[in-house]
Amino acid sequence: MSPRPKKKRCCEGNFCGRAFKPTGISLRELDRITLYRDELEALRLCDLEGLFQEQAGERMGVSRGTVQRILTRARKKTAQALVNGSALVFADDDQ
């Protein structure tokens with residue numbers, strides 16, 4: 001039995017570039033952590049705009065639980081990049 005198809009997630013925000021990295025170090029020299037568009041959108045809606053997860057889910061077209069899982073992954077990746085000095089590389093879609 002195959003898994004259920006992934007639901008399309010609406011993302012309104014635009015990318016700020018292709019990567020976010022520490023200054024003074026070439027991207028080639030850094031460990032890379034991929035932050036997907038839906039993860040960046042969940043961060044933007046919940047942490048920047050201050051929406052509740054339920055409201056963010058409505059805007060993204062997914063459930064509150066899905067937003068919670070996406071947000072948890074995004075926050076972990078962001079913290080990991082900041083603490084370890086890695087580059088966050090932005091990608092269009094998951095897998």
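Just one of the numbered conditions (1) outside any helix (DSSP H, G or I); (2) out of contact with any Asp or Glu (no Cβ under 6 Å at 6 or more places or on another chain); (3) buried (at least 17 other Cβ atoms within 10 Å of the Cβ); (4) at pLDDT below 95 is not true of Leu88: (4).
Yes or no: Leu71 modelled with pLDDT of 95 or more and not β-branched (Val, Ile, Thr)?
Here the answer is yes, as Leu71 does meet what is asked.
Count of the range 45-60 residues, restricted to those that are out of contact with any helix residue (DSSP H, G or I) (no Cβ under 9 Å at 6 or more places or on another chain) and under 21 Å from Ala91 (Cβ atoms), is 1.
If you filter the range 41-95 down to residues that are touching a strand residue (DSSP E or B) at 6+ places or on another chain (Cβ under 8 Å) and among the charged types (D, E, K, R), you find that the one that is nearest to Glu29 (Cα to Cα) is Lys77. When every residue of the range 33-44 is checked against the conditions, at least one turns out to be surrounded by fewer than 17 Cβ atoms within 10 Å (Cβ to Cβ), of a type in the set (Ser, Thr, Tyr) and at pLDDT 95 or above. In the condition set (1) in a helix (DSSP H, G or I); (2) within 16 Å of the chain's Cα centre (by Cα), Arg28 is compliant with all but (2).
The values are calculated or read from the model by the stated rules, or taken from the named source; none is laboratory data. Here the structure is a predicted model, which is why all the values come from computation and not from measurement. Note that each Cβ is placed from the backbone with ideal geometry, even for glycine, and that neighbours are counted across all protein chains shown.
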